[in-house]
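This report refers to the structure that appears directly beneath it.
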Protein chains: 2
Amino acid sequence: MNIDELAKGIVAGERRALARGITLVESSREDHRAQATALLAALPKDREALRIGLSGTPGVGKSTFIESFGMMLIQRGLRVAVLAIDPSSSRSGGSILGDKTRMDLLSREKAAFIRPSPSQTHLGGVARRTREAVTLCEAAGFDVVLIETVGVGQSETVVSEMSDLFLLLLAPAGGDELQGVKRGIMEMADIIVVNKADGDLKPAASRTCADYAGALRLLRKRPQDPDGFPKAMMVSALEENGLSEAWDEMQTLTDWRRAEGFWDRTRAAQARYWFEQSVKQELLAQLETPTAKAELKTLGDRVARGQEDPTKAAQDFIKQLDR
Amino acid sequence: MNIDELAKGIVAGERRALARGITLVESSREDHRAQATALLAALPKDREALRIGLSGTPGVGKSTFIESFGMMLIQRGLRVAVLAIDPSSSRSGGSILGDKTRMDLLSREKAAFIRPSPSQTHLGGVARRTREAVTLCEAAGFDVVLIETVGVGQSETVVSEMSDLFLLLLAPAGGDELQGVKRGIMEMADIIVVNKADGDLKPAASRTCADYAGALRLLRKRPQDPDGFPKAMMVSALEENGLSEAWDEMQTLTDWRRAEGFWDRTRAAQARYWFEQSVKQELLAQLETPTAKAELKTLGDRVARGQEDPTKAAQDFIKQLDR
């Protein structure tokens, strides 16, 4: 594969080149990994999309939100990429983005690019691949990159480490269900978006929105927030209500963060984070070769039978690895 | 240092040898690490203590419980070692075991051995050292090893991975505070012990105990539990009430687990776990040398400034490490 050609194609905004590039970064074959690294290094670093992390448990209407919100952005002349992190997708096959037909309109738009979650059970692997895919989408000139994930704990942290702002999508709920959202995830959110503010659910949406607005006020003020943020707001993705307002809020927030230097500082810290994560992953990858796995099993069996001390066995294993 | 002599001293139950052995496993000096590994390998593997993990947030009366419970065991002719895992101890100096005077009676008993948490901020390091100290205490012929930790999340998991049974110590509370205990920690507990069932607090202790008994019944049945376990019970460490009953329950539980094979299976799985953890820690320890840290900083700065891609920089770093 000619990496320079591929890089040129991506920079020219060619969909096929972008798709091939993402396939390359998703591969775990060693030669592909080397090519992917060369590709990432060959891309210009001067293009920046707004990276929006989006979390929400199944049932909150995430696909509908992405479809309506994405279409609105396209109508404003913006190009939108949608990526996903779903550590469970390889098992359940249940990533919402596995089924593009659920974003019927958006998937047919030339200005949109939708890519399902890489299928890997290991969150670290999914995270690295998605982060690299974000880089490719930026180089391809997309204005907005949406990175969605299901609300399953760790994956939110991963998404927030590659996003400029983080949306938490919720459905209207009874007043006592507020504690269902983990505090750690609440603390990540820049904007809490209560979806389904339509029809019968409208009063419940109002109440849920007010509850979360109250809960957000109780959280410690973060330096990267202007007055009034983080905030809770209502939308109806179905009736396309509140989406422009949500976009306005996102722009207000990011404009402020750019002006105050938080944008650059956050991106710098994130890059450093991914560098350090990659170093750790590369080191631990030595344990994933067939030889290493077999040896770990053999030594582990001896340790489990009490024939060897865990510490001693670990040091013997490391010595073998260095040979 | 003569490792064989030291091993003999420990096996003979000499306190000074045991203390020196623990100091050795706690050291991070490279020559000490090699000696510690040799010491662990030199110890006989046929001595087994009952390892009891004990978790409880500050204020539940953990020191008082350990003191009263430990004294009761000693009166029954048993030898008791008390170890601790407190990942915060190096920062706050606040490990309860840092201050032996809070276990005044126990610390003066010949049949007791109390050792504060190794002072390390890194939980992985504290965990390895404490696990190795447990091994030394077993070789020294202690009948019971209590491993205590404060309720700060991850450290409970670490303690439960080196314990035969796990106690969660709680104080009486208002009925709506039940959710203060994380579900994950509840699920680890074999026995929930509500302390301070004395004086004015007795009715509240009853209520709390009943609440937790109810909550435990809602959890999925675990294969390693006989009927009636996990269970909640009340004690007063201050008035020395309920401690014998608690000890009886622990023995009922461990007798059953031994008879059904769960004891051996759990110990085997734990040994394998620590072996695999040690392998990972040894690999990642390569990042802790002064040279590696300096290089990580330099490359990390370049990545943060956008001069290099995180993935590429990570691979370059690994290549340097291998040279």
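Residue-wise test of (1) modelled with pLDDT of 95 or more; (2) more than 30 Å from B:ASN241 (Cα to Cα).
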residue	(1), (2)
B:ASP31	no, yes
B:THR37	no, yes
B:ALA42	no, yes
B:ASP46	no, yes
B:ALA49	yes, no
B:GLY59	no, no
B:SER63	no, no
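Restricted to the stretch B:177-204, and to residues there that are more than 21 Å from B:ILE52 (Cβ to Cβ) and surrounded by 13 or more Cβ atoms within 10 Å (Cβ to Cβ), the residue that is farthest from the other protein chains (Cβ to nearest Cβ) is B:ASP198. Against the test of being of a type in the set (A, V, I, L, M, F, W, C), facing chain B (nearest Cβ under 8 Å), assigned to a helix (DSSP H, G or I) and surrounded by fewer than 17 Cβ atoms within 10 Å (Cβ to Cβ), the options A:LEU284, A:LEU296 yield a single qualifying residue, A:LEU284.
Test B:ALA81 against the stated conditions and say whether it is under 30 Å from B:MET234 (Cβ atoms), surrounded by 21 or more Cβ atoms within 10 Å (Cβ to Cβ), modelled with pLDDT of 95 or more and not basic (Lys, Arg). Judged against the criteria, B:ALA81 is a match. What do you reckon, is B:TRP263 crowded, with 19+ Cβ neighbours inside 10 Å, assigned to a helix (DSSP H, G or I), more than 9 Å from every other protein chain (Cβ to nearest Cβ) and not hydroxyl-bearing (Ser, Thr, Tyr)? Judged against the criteria, B:TRP263 is a match.
Against the conditions (1) farther than 26 Å from A:PRO172 by Cα; (2) not in a helix (DSSP H, G or I), A:ALA268 satisfies every one except (2). Could you please let me know if A:ALA268 is modelled with pLDDT of 95 or more and not assigned by TED's automatic domain parsing to the domain that holds A:VAL80? Here the answer is yes, as A:ALA268 does meet what is asked.
Out of all the residues in the stretch B:29-50, which are away from every other protein chain (no Cβ under 13 Å) and either in contact with a helix residue (DSSP H, G or I) (Cβ under 8 Å, 6 or more places away or on another chain) or assigned to a loop (DSSP other than H, G, I, E, B) (or both)?
Those that are away from every other protein chain (no Cβ under 13 Å) and either in contact with a helix residue (DSSP H, G or I) (Cβ under 8 Å, 6 or more places away or on another chain) or assigned to a loop (DSSP other than H, G, I, E, B) (or both): B:ARG29, B:ALA49, B:LEU50.
When each of B:ARG257, B:ARG217, B:ARG222, B:ARG272 is tested for being within 11 Å of chain A (Cβ to nearest Cβ) and out of contact with any Asp or Glu (no Cβ under 7 Å at 6 or more places or on another chain), the lone residue that passes is B:ARG272. Here is a check on your reading of the model: is A:GLY228 over 21 Å from the mean Cα position of the chain (by Cα) and part of a loop (DSSP other than H, G, I, E, B)? So A:GLY228 fits the description; yes. In this structure, does A:SER236 turn out to be assigned by TED's automatic domain parsing to the domain that holds A:SER163, more than 29 Å from A:ALA49 (Cα to Cα) and modelled with pLDDT of 90 or more? The answer is no for A:SER236.
Against the criterion of being part of a helix (DSSP H, G or I), free of Cβ contacts under 8 Å to residues at least 24 places away in the same chain and buried (at least 16 other Cβ atoms within 10 Å of the Cβ), A:THR311 qualifies.
When residues in the stretch B:137-173 are screened for being surrounded by 22 or more Cβ atoms within 10 Å (Cβ to Cβ), over 12 Å from B:ALA189 (Cα atoms) and small (Gly, Ala, Ser), 3 of them pass. Out of curiosity, is A:GLU295 assigned by TED's automatic domain parsing to the domain that holds A:PRO310, farther than 16 Å from A:MET162 by Cα and either charged (D, E, K, R) or within 19 Å of the chain's Cα centre (by Cα) (or both)? Criteria met by A:GLU295.
In the condition set (1) in contact (Cβ under 8 Å) with a residue 40 or more places away in the chain; (2) over 18 Å from A:ALA246 (Cβ atoms); (3) of a type in the set (A, V, I, L, M, F, W, C), A:VAL144 is compliant with all but (2).
Okay, residues lined up against (1) modelled with pLDDT under 95; (2) under 20 Å from A:LEU54 (Cα atoms); (3) of a type in the set (A, V, I, L, M); (4) touching a Lys or Arg at 6+ places or on another chain (Cβ under 9 Å):
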position	(1), (2), (3), (4)
A:PHE229	no, yes, no, yes
A:GLY242	no, yes, no, no
A:TRP247	no, yes, no, yes
A:GLN251	no, yes, no, no
A:SER278	yes, no, no, yes
A:ALA285	yes, no, yes, no
A:GLN315	yes, no, no, yes
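Before we move on, is B:TRP256 hydrophobic (A, V, I, L, M, F, W, C), touching a residue at least 60 places away in the same chain (Cβ under 8 Å) and assigned to a helix (DSSP H, G or I)? Spelling it out, it is not the case that B:TRP256 is hydrophobic (A, V, I, L, M, F, W, C), touching a residue at least 60 places away in the same chain (Cβ under 8 Å) and assigned to a helix (DSSP H, G or I).
Residues are listed down the side, and each one gets a yes or a no for (1) at pLDDT below 95; (2) hydrophobic (A, V, I, L, M, F, W, C):
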| position | (1), (2) |
| --- | --- |
| B:ALA127 | yes, yes |
| B:ALA139 | no, yes |
| B:PHE142 | no, yes |
| B:GLU148 | yes, no |
| B:VAL152 | yes, yes |
| B:SER155 | yes, no |
| B:VAL158 | yes, yes |
| B:ASP176 | yes, no |
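Every test in (1) of a type in the set (A, V, I, L, M); (2) over 18 Å from the mean Cα position of the chain (by Cα); (3) part of a strand (DSSP E or B) is passed by A:LEU54 save one, and that test is (2).
The values are calculated or read from the model by the stated rules, or taken from the named source; none is laboratory data. None of these values were measured; they are calculated from a predicted model. Cβ: placed from backbone, ideal geometry, glycine included. Neighbour counts: every protein chain shown.
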